[in-house]
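The values are calculated or read from the model by the stated rules, or taken from the named source; none is laboratory data. Computed from a prediction, not measured in an experiment: that's the story for all the values here. Here the Cβ positions follow ideal geometry from the backbone for every residue, glycine too, while neighbour counts run over all protein chains shown. Areas reflect the complete protein model, heavy atoms only, side chains present, ligands, DNA and RNA absent. Shrake-Rupley method; radii C 1.70, N 1.55, O 1.52, S 1.80 Å.
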Amino acid sequence: MCGIVGYIGKKKAIDILLNSLKRLEYRGYDSSGIAIYCEDEKKLDIIKKSGKIKDLVQEIERRNPSSSHIGIAHTRWATHGEPNDINAHPHFDCNKKIALVHNGIIENYRTIKSFLLERGHKFKSDTDTEVIVHLIEEFYKGDILESVKKSLKMIEGTYGILVLSSYEPNTIIAARKGSPLIIGKAEDQMIAASDASAIVSLTNQILYMQDGDIARLTKDDVEIFNLETDRITDKEFEQIDITLSQIEKGGYNHFMEKEIFEQPEALQNTFRGRVDIVNGTFRLNGIKDKFRDLLNAERIIITACGTSWHASLIGKYLIEKFTQIPVEVDYASEFRYRNPIITPKTVVILVSQSGETADTLAALRESKNKGATTIGICNVVGSTIARETDCGIYTHVGPEIGVASTKAFTAQVLVFFMLSVALGRKKMLTFEDGINLIKNVEIIPDKINEILNDKDRISKIDKIVEKIYNKTNFLYLGRGINYPVALEGALKLKEISYIHAEGYPAAEMKHGPIALIDENMPALFISLKDSIYEKIINNIKEIKARKGYVIAIANKGDREIEKIVDDVIHIPDTIEELSPLLAVIPLQLIAYKTAVKKGLDVDMPRNLAKSVTVE
Ligand code: F6R
């Protein structure tokens, strides 16, 4: 989950590295640092600082290092060792001839550390990472690439690393296993980074490194070897189509705000080109080779983490409703450790915005190992999960930078909707059903726009935020297809406003949690006019009878509900199967506005990182 970047070329390395680090900061922001080769002094210099990148920038200004055209940099999400200056990357070997940045976890670092301590190496930090650079020093016999190779062969765990050495000051060594690493090429310049957002300001020509790859980069060449076979592997650079404007805030105060407001257009991109009006279905070319496996599946398992797991719960509801194929949803972190039952007729769907989440990736590999057909639902094109699944469906919502996921969630739900309609049309849905479902999807972006751009609704949300921002607890309640939306609303509030929040199926309240209700416990109900509306009204009354403060998300025309709750946020009508796409929007806004009201760092909430590439 840390971000790493390395640059070599004709420009000032520090400028490029800092610019790229800012784009990688969403991956971790406990500390950051750079290592450069100072051409005048002919030595390496490391500048690093705990805190955010702005703190590093101040430190660099204070130190005013000499000019350089090669360097590596890191932004950290702490795993081993507290987030202080010493544990910040890059790390040096004993003689300050080699510097290294690392994203991942070295599992056998204790054993390696003892081995190195016996040989007289001196360690400065508490990190697992530092062992790698001392190991490279230990094995160095005049060829930096060879010593990195030898070191990596001893290492167990995951890594994306970049190595800079004053022994070979025109070279950066890059290697990956389990942590993403991408190389970008421009005229007389080479850049390597954890993801494309750190590269696109320089070039659109990129090459995805594979697990087991180790590369030697110079300003105009890259050689890639396979660590196991030691052979050179031929790889082509490809053109990617991320633009700079997609990864900038574009007039919004925060990425999260931008991404909430982008949803109408983002969702249009998700279904664009996939509507098959002639056959009353959706055309999902990415999975056409495995479509039969899905149709004939005895069981589908969907596995994911966090917000993607919530979208998967909605996916289960939709697939079962339209196809009657049994679906299980599992946390990826649990799935891989519980010996899941996978038969040749099991299809596993892996859902991940980043396509790099370590638990989801491990679940994918376990599923493949057991012979399942695997299908990815990812946002980041070319990500590891997207590449390792048999086939997949991209959500196509562009880069999501805000740590709290918003547009990726709605897009994942939409992909599940399209998938279940496409499968359902081969089973129980008629042509008319298909056309009706398509028509309803096509007007969803306008309906989201209606929620986002109605001043009265937004000022209602602001008033609600005034009432809740200083509370310490919050309940989100929903039923059926909107129960996962309650979970998602609670997660959004927790992660960016630090208010303890829980999502529950509304009817479960009476089995315990209702004991929590008093005038200090706000409860938000998703109470739409669907098949269980009357039941949810009963649940609301149970809370009101105990003096709870109740907010309802209700349909536009529902005036009755205003009489029984304290505040109502009305949303446009749609069919039940698409209602999560509208119901979640006010919940995203409540979380966002509450965090802003509390003066918190919305895009970089404490302790979190966007892409969780450690288990
Ligand atoms: C919450 C959030 C996380 C992610 C989770 C999985 O707002 O963003 O819960 O959903 O870490 O990430 P991906 O989807 O990248 O696998």
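Would you mind checking the pairs K54/K258; K556/K593; K455/K597; K54/K122; K153/K368; K11/K407 and listing those with alpha carbons more than 27 angstrom apart? List each step's numbers first, then the result.
On the way: K54/K258 22 Å; K556/K593 22 Å; K455/K597 18 Å; K54/K122 30 Å; K153/K368 25 Å; K11/K407 35 Å.
Listed pairs above 27 Å: K54/K122; K11/K407.
How would you order 29-40, 101-112 from highest to lowest mean count of nearby Cβ atoms within 10 Å?
Listed from highest to lowest mean packing, they are 29-40, 101-112.
Percent relative contact order of the stretch 151-285, based on C-alpha pairs within less than 8 angstrom and at least six residues apart?
Contact order relative to length: 16 percent.
Work out the length of the dipole vector of the stretch 400-536 about its Cα centre, built from +1 on the beta-carbon of each Lys and Arg and -1 on the beta-carbon of each Asp and Glu, and round it to the nearest 20 debye.
Numbers: 18 positive and 18 negative charges, 44 e Å.
Approximately 220 debye in magnitude.
Positive end of the charge dipole of the stretch 250-442 (Lys, Arg +1 and Asp, Glu -1 on Cβ, about the Cα centre): tell me which of T373, I435, F261 has its Cα farthest that way.
T373
Per residue, what accessible area does the stretch 250-442 have, given a 1.4 Å probe and all protein chains present, in Å²?
Values: 6950 Å² over 193 residues.
The answer is 36 Å² per residue.
Hey, got the dipole for the chain? About the Cα centre, +1 on K and R Cβ, -1 on D and E Cβ, debye to the nearest 20?
With only Lys, Arg, Asp and Glu charged at Cβ, the dipole is about 660 debye.
Would you list which aspartates and glutamates come within 20 Å of K426, measuring only between C-alpha atoms, while excluding same-chain residues fewer than 8 positions from it?
Qualifying aspartates and glutamates at Cα under 20 Å: D276, D289, D293, E298, E320, E577.
Give the residue from I136, V465, I543 lying farthest towards the positive end of the charge dipole for the chain; charges sit on Cβ (+1 for Lys and Arg, -1 for Asp and Glu) and the dipole is referred to the Cα centre.
I543
Skip the ligands, DNA and RNA, and give the accessible area per residue of the stretch 1-55 with a 1.4 Å probe, whole Å².
34
With an 8 Å Cα cut-off and a minimum separation of 6 or more residues, compute the relative contact order for the chain in percent.
RCO, the chain: 11 percent.
Quick one: work out Rg over Rh on the C-alpha atoms of the chain, Rh as Kirkwood radius.
In the chain, Rg relative to Rh is 1.00.
What shape does the stretch 250-442 have by the C-alpha gyration tensor, where a ≥ b ≥ c are the square roots of the eigenvalues, rounded means a/c under 1.5, and otherwise prolate means a/b greater than b/c and oblate the rest?
Oblate shape, in that a/c is at least 1.5 and b/c is the bigger or equal ratio.
List the trypsin sites (Lys or Arg not before Pro) in the stretch 21-65 that DSSP assigns to loop (not H, G, I, E or B) and whose Cβ has at most 12 other Cβ atoms within 10 Å. Which are they?
K42
Compare the peptides 493-501, 515-523 by average per-residue count of other Cβ atoms within 10 angstrom and give them in order, highest first.
The most tightly packed comes first, giving 493-501, 515-523.
Name the aspartates and glutamates eligible as straight-distance cross-link partners of K598: C-alpha to C-alpha under 15 Å, and not fewer than 8 places from it in the same chain.
Within reach: D462, E466, E495.
Tally Lys/Arg at +1 and Asp/Glu at -1 over every other residue whose Cβ is under 13 Å from the Cβ of E238; what's the total?
Within the 13 Å Cβ shell, the charges total +1.
Based on the mean of other beta carbon atoms within 10 Å per residue, what is the order of 428-434, 215-221, 262-268, 357-363, most packed first?
Put in order of decreasing packing, that is 357-363, 262-268, 215-221, 428-434.
For the chain, which whole-number percentage of the solvent-accessible area (1.4 Å probe, protein heavy atoms only) is attributable to carbon and sulfur atoms?
Ligands and nucleic acids excluded, carbon and sulfur reach 47 percent.
Using +1 at the C-beta of Lys and Arg and -1 at the C-beta of Asp and Glu, which of Q189, A174, H69 has the Cα lying farthest in the positive direction of the dipole of the stretch 3-247?
With unit charges placed on the Cβ atoms, the residue in question is H69.
What does the charge count around M509 come to, taking other residues whose C-beta lies under 13 Å from its C-beta (Lys +1, Arg +1, Asp -1, Glu -1)?
Combined, the nearby Lys, Arg, Asp and Glu give +3.
Under the rule a/c < 1.5 gives rounded, and otherwise a/b versus b/c splits prolate from oblate, where does the stretch 3-247 land using the Cα gyration tensor?
Verdict is rounded for the stretch 3-247.
Add -39500 (n - 2.57) for each DSSP H run of 4 or more in the chain, then divide by its residues: what number comes out at 222 nm, to the nearest 500 deg cm²/dmol?
-10500 deg cm²/dmol
Taking each full run of DSSP H in the chain as one helix, which ones are at least 27 Å long along their axis (Cα atoms) and have mean Kyte-Doolittle hydropathy of at least -0.5?
Span-like helices here: 579-597.
What does the charge dipole of the stretch 3-247 about its Cα centre add up to, to the nearest 20 debye, if the Cβ of each Lys and Arg holds +1 and the Cβ of each Asp and Glu holds -1?
Values: 33 positive and 38 negative charges, 114 e Å.
With only Lys, Arg, Asp and Glu charged at Cβ, the dipole is about 540 debye.
Let me make sure I get this right: for the stretch 447-547, a, b and c are the square roots of the gyration tensor eigenvalues over alpha carbons, sorted descending. Under 1.5 in a/c it's rounded, otherwise prolate if a/b > b/c, else oblate. Which is it?
It is oblate, given that a/c is not under 1.5 and a/b is not larger than b/c.
Can you tell me the relative contact order of the stretch 250-442? Whole percent, Cα pairs under 8 Å, sequence separation 6 or more.
After rounding, I find 30 percent.
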